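Asker: I am attaching a structure below and will ask some questions about it afterwards.
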Amino acid sequence: MTVRYLFVVLVVCLFAFPFCSGETTQQNPDAADGADSDAQNGDDGGSEPDQDTADGDQGQTDGDTEQADGDQAAADGDSAADGDAEPADGDLEPADGDSQPADGDTDPCSSSGIFDYACEADDPDTCPGGMCILGLCIGPVLDPARWDDCGDDTCGQCETEELCPADCGQPPEMSGTKEYDNDTTITVGVHGFYNKSPAELASMVYGEAENCSGLIGDVTDFGITDLPCGNTPEDMYAPNQRIAVEYYGGVPADWLTQEQIDEIEQYPYEGTGALQRYALIVAKFIRHRLDISGATHVNLACHSMGCLIIRHVIENNLEGLAAENRFVRWFTSAGVLAGAQLARLYDNPTIRDGAQLLGMELNDFVIMHPDFVQDNTIVWDHKVHEGNNPLFAGMLIHNACACDPHIAEALGIALLDISNPDDEPNDGIMYTEDEYFHSQKPEASFITPDQEVLAATHTLVYVDHMTLPNSQAAALKATATLFHSRKVFITLDEIELLNDRENHEPFDGEQGDPPAEIIAQCQVHYNPYILDTYGKDILAHDDQLEYRTSEMFTQDQGTSLQPGLTIFEGPIFDEMDALTLDLVILEVDWYPRMNLHEYILDYHESLIEFHGQIQLSDNVIALENEYVRVWLKVDVVQLY
């Protein structure tokens, strides 16, 4: 079963059955059937697309994080070499040193620290603004500014080494050396969230090797045919194998020792420790495959919640893998890197009833919550849209993002747009802005042989969340990310605006008010190479105004500007010598996402267009017409 069934049920429930919209009544939290046991009026969990809020920003799809036994025993913020988080006595305690206020005083640190998602139904203070169901706090309202100061290079009054190692701790001790071109790198795939009944979950085998389907299988469509799949008795020992791992389940795989099983079972999948459980399983599986195969390094590929699990493994240094420089490349498909805003919607009765019908675990709504992810996964500086943990240093990272809000398998309904007041781009499950790293500090970035600092890159595909990992566009970019050695950056380096195409006087034929609001929409194909070599015409990147993904800047007529706007960035095949670019630079008068509401009837005008091949060598391309002069900069980077 996949997550698509959830949305089919939700849509049917929303539009066909009026009873689904009614509030459920509170039941005994100890009810054996595990049904929804709370009807408290919580904060309206509508999606909050403002991407810079401390709550984790626009939630990314599929996200999930969890912790031990209903208690957040997950990452404690340490980046110790072994990194295996130990469960606390049940709850994650506030950091040592959080002072208690004197009688009558206000504690300045009362909102700092990691929230414990365990709660008591008869004590609202244990779940502020949320819903306490079966001992789990669903959708609490936390201080959105609680982590604002973490990462400012100053160890503040309410910060400790445990809570904010970026400010109060030391960088993790690293060992080993990354290698990007060898025969001893395994490629590990981690699947995303999918629904399963309690009976199915209990019978599944965690830590079991899966077949090489999906992303790690589709790379064979683009020339990667010599890497065996490690799911056979012979190829499980290959040091260059491709392999996927199952993290769901209640039955341990045969290779796990009793000590490893005991460590994993400290974090039941029914509780808030589930994310820590899943991440431990993945980390131990990788360690096991390295040990038995003699492999030295790891490529990572993931979809949706699987990407959150990988982020948790890296940021918490589970099994010491990240600090040993084992991870060299990471490709994400609609990754839940910043949590999933959908998890805020549990107080929506339609969401709640649909989840109950499908047997969806309550803890999924906790561990996917952006606040939970911010607290427990992003332990270095708690910046949800940034990859600043030094454990990311030297990794080649590319994020493939989806941006079609219409879920094909849920009657084409744009589910997230039902509650999307800021008109943010999304893929029906995740806000697109939550699927990629917006920035990385130099100490967490990749450094080229020429000492150029490269942060993670991202591209856009106009498909929905569940379609992306099976798309040829995702397979194309996964192949380029995991097995090739170059990236290309095309930027709008400079623009001279000769005519802003705004209305300056009556009857001049233009609409809108100066200054000009400018976007660049584009499409990229890896042709002619991909078409000629594999017979496939694949749209590798698609950024359009109508998708709400385009960035915007303003400019006055008669001025020159260096916006440095990224047109395209991403990995390319070593054999490519050109790509095809379709670029249209527009002056727009209507773009609600950017709070632009000048003129809806004629909402954009073309300033200049380019349709043709771009040679893959460092150069500057000059374009000119009556409206603008434009300089496009092409930068091809040899990564190693």
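The values are calculated or read from the model by the stated rules, or taken from the named source; none is laboratory data. Note that this is a predicted model, so its numbers are computed, not measured. Backbone-built Cβ (ideal geometry, glycine too); neighbour counts: all protein chains shown. Quick note on the areas: whole protein, heavy atoms, side chains included, nothing else; ligands and nucleic acids left out. Shrake-Rupley method; radii C 1.70, N 1.55, O 1.52, S 1.80 Å.
Asker: Could you compute the FRET efficiency for residue 202 and residue 261, with r as their C-beta to C-beta distance and R0 at 22 Å, rounded to 0.05? Before the final figure, lay out each step's value.
Answerer: Values: r = 15 Å, r/R0 = 0.69.
Efficiency for this residue pair is about 0.90.
Asker: Quick one: pull the percent of accessible area on the stretch 482-615 belonging to carbon and sulfur, 1.4 Å probe, ligands and nucleic acids left out. Mind dumping the intermediate values first?
Answerer: Numbers: 2520 of 5680 Å².
Reported share for carbon and sulfur atoms: 44 percent.
Asker: Of the GluC sites (Glu not before Pro) in the stretch 535-587, which ones lie in a loop per DSSP and count no more than 14 other C-beta atoms within 10 Å? Walk me through the numbers on the way to the answer.
Answerer: Numbers: sites: 546, 551, 569, 575, 587; in loops: 551, 575.
In loop regions of the stretch 535-587 (DSSP not H, G, I, E or B), the sparsely surrounded GluC sites (Glu not before Pro) are 551, 575.
Asker: Of 441/487; 441/536; 284/536; 196/536; 284/383, which pairs sit farther than 30 Å apart, going by alpha carbon to alpha carbon? Could the numbers behind the result be given before it?
Answerer: On the way: 441/487 19 Å; 441/536 37 Å; 284/536 38 Å; 196/536 35 Å; 284/383 27 Å.
Over 30 Å apart, Cα to Cα: 441/536; 284/536; 196/536.
Asker: For the stretch 409-486, build the charge dipole from Cβ charges (+1 Lys, Arg; -1 Asp, Glu) around the Cα centre, then report which of 456, 483, 471 sits farthest towards its positive end.
Answerer: 483
Asker: Just to verify a number: FRET efficiency for residue 544 and residue 638, C-beta to C-beta distance, R0 = 45 Å, to 0.05? Present the calculation step by step, with values, prior to reporting the outcome.
Answerer: Numbers: r = 31 Å, r/R0 = 0.69.
That pair, residue 544 with residue 638, gives E of 0.90.
Asker: Could you calculate the contour length gain from residue 626 to residue 531, that is, 0.36 nm times the residue separation minus the distance between their Cα atoms, to one decimal place in nm?
Answerer: Values: separation 95, 0.36 × 95 = 34.20 nm, distance 3.50 nm.
Length gained, residue 626 through residue 531: 30.7 nm.
Asker: Given an 8 Å cut-off on Cα distances and at least 6 residues of separation, report the relative contact order of the stretch 201-355 as a percent.
Answerer: 20
Asker: I'd like the antiparallel share, as a percent to the nearest 5, of DSSP beta bridges with both residues in the stretch 126-250. Show your work: numbers first, answer last.
Answerer: Working: 5 of 10 bridges.
Taking every DSSP beta bridge within the stretch 126-250, about 50 percent pair in antiparallel fashion.
Asker: Next question. Quick one: net charge around residue 577, please, counting Lys, Arg +1 and Asp, Glu -1 for every other residue with C-beta under 14 Å from its C-beta. Walk me through the numbers before you get to the answer.
Answerer: Values: positive: 486; negative: 532, 574, 575, 618.
After counting each charged neighbour, the total is -3.
Asker: Leaving out ligands, DNA and RNA, what percent of the accessible area of the stretch 392-480 is carbon and sulfur, probe 1.4 Å?
Answerer: Values: 1400 of 2620 Å².
C and S atoms contribute 53 percent here.
Asker: Additional query: Scan around residue 245 for amide H atoms under 5 Å from its own, H built in the peptide plane at 1.01 Å from N, and keep only partners 5 or more places away or cross-chain.
Answerer: Residues meeting the amide H criterion: 189, 191, 210.
Asker: For the stretch 382-490, what relative contact order do you get, as a whole percent, if you take Cα pairs closer than 8 Å and at least 6 residues apart?
Answerer: Relative contact order of the stretch 382-490: 34 percent.
Asker: First compute the accessible area of the stretch 208-300 with a 1.4 Å probe, then give the percent of it belonging to carbon and sulfur atoms.
Answerer: Working: 1520 of 3270 Å².
Carbon with sulfur: 47 percent of the solvent-accessible area.
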